[in-house]
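One structure is given below, encoded as structure tokens.
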């Protein structure tokens, strides 16, 4: 399955209407701004483009994905948010950010009237995870911050691990 | 406006709202209390902050709900689902916070005495109501509490 999402012509921020993709991980609904998602693929359809990456320091990233000449790091959303183990079936490939998100399923796309700031009382990692909260159909849904999936240090670490994996792979190819 | 809300609106200095949380009867300065909200839906989502149960939406605002159970003990007050909404200080700013209560609140007057040296951080002081000495909660501590602080509060509670 492939769903291509066109970027919004005018990215909106704050308490303005915006279109989001609602997705589910371990029975918990999240939202992500539609204009930050490049495409949505099933895990089956990208199996050939995915490679394992060995990085014990970041267990939430176990695969890379090569798309259009770029390497994306695939973040398991359940592990990222500390949720129970689930069966992810879709990958949200993000735009302008070398990360993809493994999720269980897409609920739908929706227009939200705005994003409420996360109350100041929340002081943990969720301040990095979320842009804020959306109120839709009598439910409060966290709106994820794509940049919060991986820190610059995480990227450095993953880039090192990825280069190392590539080096090992080419050595093995030469020996073969 | 409920009678307790009307009382809160007319509250003066040295007025306190007495509430039942779990098995504990505690007090909050009435000036801090905004309203007693009906049992609206508690929304939960993954987060890493101790002592927060989730949020409620009240009058178009998202209000974080303090989970007092780990600190104050007793049967989960979340089952009661009335919410006392009060102002709390978070760092240098102020925002609303909600505490699950069983809905039984009353107004009392008295002069708050400083807490004893052995009292946990969430006790701002005590007031005398009849023969009882009732702890006045310091909600700000709940807003800044991390796991370590929560554990400290547990231990302090266990020592009593």
Practice item. Springs between alpha-carbon atoms under 10 Å, Gaussian network over chain A: tell me which of A:151, A:64, A:123 tops the mean-square fluctuations. Key: A:123
Revision key, fill the gap. Across A:115, A:37, A:91, the residue with the highest GNM fluctuation in chain A (Cα network, 10 Å cutoff) is A:115
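Based on the Kirkwood radius over alpha-carbon pairs, what value in µm²/s does the Stokes-Einstein equation return for the translational diffusion coefficient of chain A at 4 °C and 1.567 mPa s? Please report the intermediate quantities before stating the final value.
Numbers: Rh = 17.0 Å.
After rounding, the answer is 76 µm²/s.
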Check your understanding: Can you give the alpha-carbon Rg of the range B:14-120 over 2.2 N^0.38 Å, where N counts its residues?
Key -> 1.07
Check your understanding: For chain A, modelled as a Gaussian network with Cα springs under 10 Å, which listed residue fluctuates most, A:100, A:110, A:77?
Key -> A:110
Check your understanding: Counting each DSSP H run of 4 or more residues in chain A as -39500 (n - 2.57), what helix-only mean residue ellipticity at 222 nm follows after dividing by all residues, to the nearest 500 deg cm²/dmol?
Key -> -5500 deg cm²/dmol
Exercise for review: Rank the residues B:47, A:38, A:16 as a footprinting-exposure proxy: fewest other Cβ atoms within 10 Å of their Cβ go first.
Suggested key: A:16, A:38, B:47
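Where a number appears in this text, it was derived from the coordinates with a stated rule and is not lab data. Note that the coordinates shown come from a computational prediction; the quantities given were computed from them, not determined experimentally. Positions of Cβ are backbone-derived with ideal geometry, glycine not excepted, and every protein chain shown enters the neighbour counts.
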